[in-house]
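Following: one structure in structure tokens, then a few remarks.
The values are calculated or read from the model by the stated rules, or taken from the named source; none is laboratory data. If you're wondering where the values come from, they're calculated on a predicted model, not measured in any experiment. Positions of Cβ are generated from backbone atoms using ideal geometry, with glycine treated the same way; all protein chains shown enter the neighbour counts.
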Number of protein chains: 2
Amino acid sequence: MTAQTREDPAAASHRTPPVHTDPADVPLEAALIALADPVRQSLVRELAGAADWERNCGSFDVPVTKATLSRHFAVLRDAGLLEQRDAGAKRLNRLRRAEFDAQFPGLIDLVLRHEEASW
Amino acid sequence: MTAQTREDPAAASHRTPPVHTDPADVPLEAALIALADPVRQSLVRELAGAADWERNCGSFDVPVTKATLSRHFAVLRDAGLLEQRDAGAKRLNRLRRAEFDAQFPGLIDLVLRHEEASW
């Protein structure tokens, strides 16, 4: 991953690249709050069922606006759960399962076992 | 545990008995939110280090008012984490560890492993 720099002309001509937080730097409180929300639980479940970078941001089946969805992705990035990268017009996604599990063992598994959302 | 009834004269002459939620009836969202708060994490850690019914409500070392502490206890009861009973003027506490673990395996352990709070 390249660092985010304001001087990069390629970055400046496109939208802001996603900023990530390493799971090792995430407080337990932030991890639990990120996974408490039913929409974010659904995103994590969909990502867990897909290959890394397979899913783009428009491909998720959740009943929220695009702006709200962006906010949910930001919360997941801040909690060390989600890595994103831009590929042309699409933003691709990867669940940071191994890194997050190392810091918060069992937490993603708990979410995957509880299938509560029904839109 | 006896059920809470408004007709019970003993209950009516004292404060309202605590109302409990079975961990089996607790949504994952409520369990995660209950454990996300640093004060409630501290209460859970203190209860985990004590015997059942050993700790009364005034014995916890957390920097909040009595009213706020009562609210935290209510959230823990609603999340299936805490059982309380009145003994004279004191309200005694028990962490519902086995029942909660059966429903949300590993979640209490995660909180016990993360010692983040420093008042």
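For the subset of segment A:54-80 comprising residues that are touching an Asp or Glu at 6+ places or on another chain (Cβ under 9 Å), of a type outside the set (K, R) and not in a helix (DSSP H, G or I), which member is modelled with the lowest pLDDT?
Within segment A:54-80, the match that is modelled with the lowest pLDDT is A:D61.
In segment A:103-119, which residue that is outside any helix (DSSP H, G or I) and not charged (D, E, K, R) is farthest from the other protein chains (Cβ to nearest Cβ)?
Ranking the qualifying residues of segment A:103-119, first place goes to A:W119.
Exactly one condition in (1) closer than 20 Å to B:L32 by Cα; (2) surrounded by 13 or more Cβ atoms within 10 Å (Cβ to Cβ) is false for A:L92; which is it?
(1)
Looking only at segment A:40-56, which residues are out of contact with any Leu (no Cβ under 7 Å at 6 or more places or on another chain) and surrounded by 18 or more Cβ atoms within 10 Å (Cβ to Cβ)?
So in segment A:40-56, the residues out of contact with any Leu (no Cβ under 7 Å at 6 or more places or on another chain) come out as A:42, A:46, A:49-52, A:54.
Correct list: A:S42 only.
Name the residues in segment A:4-48 that are modelled with pLDDT under 95, under 14 Å from the mean Cα position of the chain (by Cα) and of a type in the set (D, E), would you?
Residues satisfying the conditions do not exist here.
When both residues are 6+ apart or on different chains and their Cβ atoms are under 6 Å apart, which pairs have a first residue that lies in segment B:17-44 and is more than 7 Å from chain A (Cβ to nearest Cβ) and outside any loop (DSSP other than H, G, I, E, B), and a second that is surrounded by fewer than 18 Cβ atoms within 10 Å (Cβ to Cβ) and modelled with pLDDT under 95?
Short answer, once both residue conditions are applied: B:V39/B:V62; B:S42/B:V62; B:S42/B:A117.
Examine segment B:84-102 for a residue that is more than 13 Å from the chain's Cα centre (by Cα), in contact (Cβ under 8 Å) with a residue 60 or more places away in the chain, away from chain A (no Cβ under 14 Å) and not in a helix (DSSP H, G or I), and state whether such a residue exists.
Within segment B:84-102 (the criterion being more than 13 Å from the chain's Cα centre (by Cα), in contact (Cβ under 8 Å) with a residue 60 or more places away in the chain, away from chain A (no Cβ under 14 Å) and not in a helix (DSSP H, G or I)), the answer is yes, since at least one residue qualifies.
If A:D86 satisfies every condition in (1) surrounded by 18 or more Cβ atoms within 10 Å (Cβ to Cβ); (2) touching a Pro at 6+ places or on another chain (Cβ under 7 Å) but one, which is the exception?
Result: A:D86 fails condition (1) only.
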